[in-house]
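Undergrad: Questions regarding the structure given below will be posed in turn.
The values are calculated or read from the model by the stated rules, or taken from the named source; none is laboratory data. Everything numeric here is computed off the predicted structure, so don't read it as measured data. So basically every Cβ, Gly included, is an ideal-geometry build from the backbone, and we count neighbours across all protein chains shown. Just so you know, the surface numbers come from the protein's heavy atoms only, side chains and all, with ligands and any DNA or RNA stripped out. Shrake-Rupley method; radii C 1.70, N 1.55, O 1.52, S 1.80 Å.
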Amino acid sequence: MSSAVLSLFSQSGISNELLSIAEKVASDERITSGEGVLLFQEGSLPFLSVLADDVRHKINGKQVFFNRNIHLEPTNICVNHCAFCSYRRKKGEEGCWELGIGDLVQMAQDHALSGITEIHIVGGVHPDRDVYFYADLLREISKIMPGVQLKAFTAVEIDAMCSFASMDIKTGLNLLKEAGLVSLPGGGAEIFDETLRSKICPDKTGSAEWLNIHRTAHQLGIPTNSTMLYGLLEDYTHRIDHLERLRTLQDETGGFNAFIPLKFRHYNNRFSHIEETTTLEDLKNYAVSRIFLDNIPHLKAYWPMIGKKVAQLSLAFGVDDLDGTIDDTTKIYSMAGSEEQSPVATTSQLIEMIEGAGFIAVERDTLYKVIRSA
Ligand code: V47
Ligand code: SF4
């Protein structure tokens with residue numbers, strides 16, 4: 001951020017506190033939790049956009065990443081009862097599914113010629129499926145698609161599948177790594193504040209254990225993503241507390257590739273009475289996340305959750321990654337009411353979204369190795 005921009009800020013009548021945050025960001029100084037909360041409370045959208053763009057520029061320049069991927073969702077049968085979930089079903093209930101290894105391998109095979117570089121695998125916590133089952137699944141997919149990277153299983157699924165096999169997390173992650181696991185997705189983090197967590201997902205893996213599973217993955221050389229579910233009961237101090245816990249772990253391990261804010265979608269779940277956040281709030285949340293998480297390289301707008309239009313807008317608020325082509329292979333967000341009811345994006349659509357916003361489109365693999373830059 002140039003000194004001209006800083007002097008414009010100082011002439012614009014913003015408070016000394018906000019000006020001091022802008023100066024810190026300009027000189028690569030980390031902001032405190034209190035300053036993060038203040039940005040949420042008092043930062044105007046144009047102000048936040050300038051600061052977030054400054055941070056994204058220093059880390060990623062004008063590059064915006066995307067990849068070619070599909071999702072596999074082995075089952076929506078789940079032992080947990082997260083109150084925000086529109087997707088979970090009980091065994092035998094209408095609308096439940098449980099796909100076997102053969103079905104899932106066939107679904108992967110159906111995309112073998114489409115040029116995908118990643119398969120993202122997440123689902124419910126099925127009571128009868130342990131880490132050996134999922135290692136077999138990874139092994140079978142790797143056999144037929146050896147060049148495709150497998151980003152699979154939230155920390156919540158890892159926790160349960162290892163415990164069902166009476167295996168510790170480190171041994172379980174090593175088994176999955178040997179079977180082809182390349183990275184963990186960021187799901188299951190929800191909101192780390194323990195009081196809120198007990199209200200929205202009481203039986204899920206706790207916050208400390210979620211962080212510990214990611215720490216163990218990083219120590220084993222498995223990079224991971226991170227998420228935050230927002231727009232559900234929390235206030236700004238809870239969001240900053242969540243970001244602070246991620247920033248602290250990242251200082252320790254450096255293993256997080258990306259942070260993905262997940263907007264609460266309210267269709268057909270136990271929190272349907274809660275209004276969804278506004279687009280303004282979503283953009284503010286991207287910007288403050290970018291400014292606060294100075295040590296996580298990528299900020300992703302997951303378009304099947306937020307919609308393509310807002311995903312494109314978010315590029316002006318620090319976002320540098322739009323995720324992938326998806327090819328209509330995920331149901332989590334369509335079942336929760338996203339405007340993207342059959343999420344598909346061609347590579348040319350993603351490139352148009354990125355270039356249309358004035359950035360350079362870069363196709364990446366799961367680990368952010370550049371495949372192709374426009
Ligand atoms: O953990 C479930 C969230 C997550 C709702 O790592 C909901 O690249 C909002 O983590 N409203 C799973 N959110 C999805 C996920 C993810 C998605 C895309 C990319 C990556 C990545 C990770 O979905 C769950 C939960 O936080 N979720 N229901 C809902 N109604
Ligand atoms: Fe199960 Fe995941 Fe839904 Fe929670 S969010 S009920 S863990 S499928």
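Undergrad: Going through 348, 338 one at a time, which residue ends up being of a type in the set (Ser, Thr, Tyr) and out of contact with any Lys or Arg (no Cβ under 6 Å at 6 or more places or on another chain)?
TA: After applying the criteria, what remains is 348.
Undergrad: Identify, please: which residue in the range 198-232 is of a type in the set (Lys, Arg) and surrounded by fewer than 21 Cβ atoms within 10 Å (Cβ to Cβ) and is, among those, farthest from ligand 2 (Cβ to nearest atom)? Working first, answer last.
TA: At the first step, the residues of the range 198-232 found to be of a type in the set (Lys, Arg) are 199, 204, 215.
From what's left, surrounded by fewer than 21 Cβ atoms within 10 Å (Cβ to Cβ): 199, 215.
Values: 199: 13, 215: 21 Å.
Out of the qualifying residues, it is 215.
Undergrad: Checking residue 36 against (1) under 13 Å from residue 318 (Cβ atoms); (2) crowded, with 16+ Cβ neighbours inside 10 Å; (3) not assigned by TED's automatic domain parsing to the domain that holds residue 352, which test does it fail?
TA: For residue 36, the failing item is (1).
Undergrad: Going by the structure shown, is residue 246 within 15 Å of the chain's Cα centre (by Cα) and open to solvent by 10 Å² or more (accessible area, probe 1.4 Å)?
TA: No; evaluated as a whole, the condition is false for this residue.
Undergrad: Within the range 183-192, is even one residue crowded, with 19+ Cβ neighbours inside 10 Å and either among the charged types (D, E, K, R) or not assigned by TED's automatic domain parsing to the domain that holds residue 264 (or both)?
TA: Yes, the conditions are met somewhere in the range 183-192.
Undergrad: Another question, then. All but one of (1) outside the structural domain of residue 125 (by TED's automatic domain parsing); (2) under 22 Å from the mean Cα position of the chain (by Cα); (3) crowded, with 18+ Cβ neighbours inside 10 Å hold for residue 69; state the number of the condition that does not hold.
TA: Just one mismatch for residue 69, condition (1).
Undergrad: Still on this model: Mind counting the residues in the range 170-197 that are in a helix (DSSP H, G or I) and more than 29 Å from residue 289 (Cα to Cα)? Walk me through how you get there before you give the answer.
TA: As a first pass, look at the range 170-197 and keep what is in a helix (DSSP H, G or I): 170-178, 194-197.
So of that shortlist, the ones also more than 29 Å from residue 289 (Cα to Cα) come out as 170-172, 174-178.
Residues meeting the conditions: 8.
Undergrad: Just checking, does the range 115-137 include any residue being assigned to a helix (DSSP H, G or I), touching a residue at least 60 places away in the same chain (Cβ under 8 Å) and open to solvent by 30 Å² or more (accessible area, probe 1.4 Å)?
TA: no
This table checks each residue for (1) within 16 Å of ligand 2 (Cβ to nearest atom); (2) open to solvent by 60 Å² or more (accessible area, probe 1.4 Å); (3) closer than 20 Å to residue 183 by Cβ.
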residue: 87; (1), (2), (3): yes, no, no
residue: 90; (1), (2), (3): yes, yes, no
residue: 103; (1), (2), (3): no, yes, no
residue: 109; (1), (2), (3): no, yes, no
residue: 147; (1), (2), (3): no, yes, yes
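Undergrad: Among 93, 98, 35, which is the only one that is free of Cβ contacts under 8 Å to residues at least 60 places away in the same chain, more than 20 Å from residue 127 (Cβ to Cβ) and charged (D, E, K, R)?
TA: 35
Undergrad: Filter the range 151-167 down to the residues that are open to solvent by 30 Å² or more (accessible area, probe 1.4 Å) and either assigned to a loop (DSSP other than H, G, I, E, B) or without any contact (Cβ under 8 Å) to a residue 12 or more places away in the chain (or both) and list them by number.
TA: Of all residues in the range 151-167, those open to solvent by 30 Å² or more (accessible area, probe 1.4 Å) come to 159, 163-164, 166-167.
Residues satisfying the conditions are 163, 166, 167.
Undergrad: Shifting gears a bit: If you take just the helices (runs of 4 or more DSSP H) that sit entirely in the range 265-340, which of them hold at least 2 residues that are more than 25 Å from residue 58 (Cβ to Cβ) and within 16 Å of ligand 2 (Cβ to nearest atom)?
TA: Qualifying helices (runs of 4 or more DSSP H): 303-306.
Undergrad: Can you name the residue in the range 121-145 that is of a type in the set (A, V, I, L, M) and within 16 Å of ligand 2 (Cβ to nearest atom) and, of all such residues, is farthest from residue 180 (Cα to Cα)?
TA: 125
Undergrad: Same structure, new question: Within the range 69-114, track down each residue that is within 16 Å of ligand 1 (Cβ to nearest atom), part of a loop (DSSP other than H, G, I, E, B) and under 28 Å from residue 147 (Cα atoms).
TA: Hits for the range 69-114 are 73, 74, 76.
Undergrad: Test residue 200 against the criterion of being in contact with a His (Cβ under 8 Å, 6 or more places away or on another chain), more than 28 Å from residue 135 (Cα to Cα) and within 15 Å of ligand 1 (Cβ to nearest atom), and give yes or no.
TA: no
Undergrad: When you go through (1) within 15 Å of ligand 2 (Cβ to nearest atom); (2) open to solvent by 10 Å² or more (accessible area, probe 1.4 Å); (3) touching a helix residue (DSSP H, G or I) at 6+ places or on another chain (Cβ under 9 Å) one by one for residue 175, which number turns out not to apply?
TA: It fails just one condition, (1).
Undergrad: For the range 285-332, which positions are touching a strand residue (DSSP E or B) at 6+ places or on another chain (Cβ under 7 Å) and away from ligand 1 (no atom under 16 Å from the Cβ)?
TA: 290, 315, 318
Undergrad: Of all the residues that make up the range 325-370, how many are exposed (fewer than 14 other Cβ atoms within 10 Å of the Cβ) and either touching a Ser or Thr at 6+ places or on another chain (Cβ under 6 Å) or of a type in the set (A, V, I, L, M, F, W, C) (or both)?
TA: Total meeting the criteria: 4.
Undergrad: Same structure again: Cβ-Cβ below 7 Å, separation at least six or inter-chain, first residue in the range 267-296 and in the same structural domain as residue 245 (by TED's automatic domain parsing) and at pLDDT below 95, second of a type in the set (Ser, Thr, Tyr) and part of a loop (DSSP other than H, G, I, E, B): which pairs?
TA: From residues that are in the same structural domain as residue 245 (by TED's automatic domain parsing) and at pLDDT below 95, the pairs are 267/86; 268/86; 269/86.
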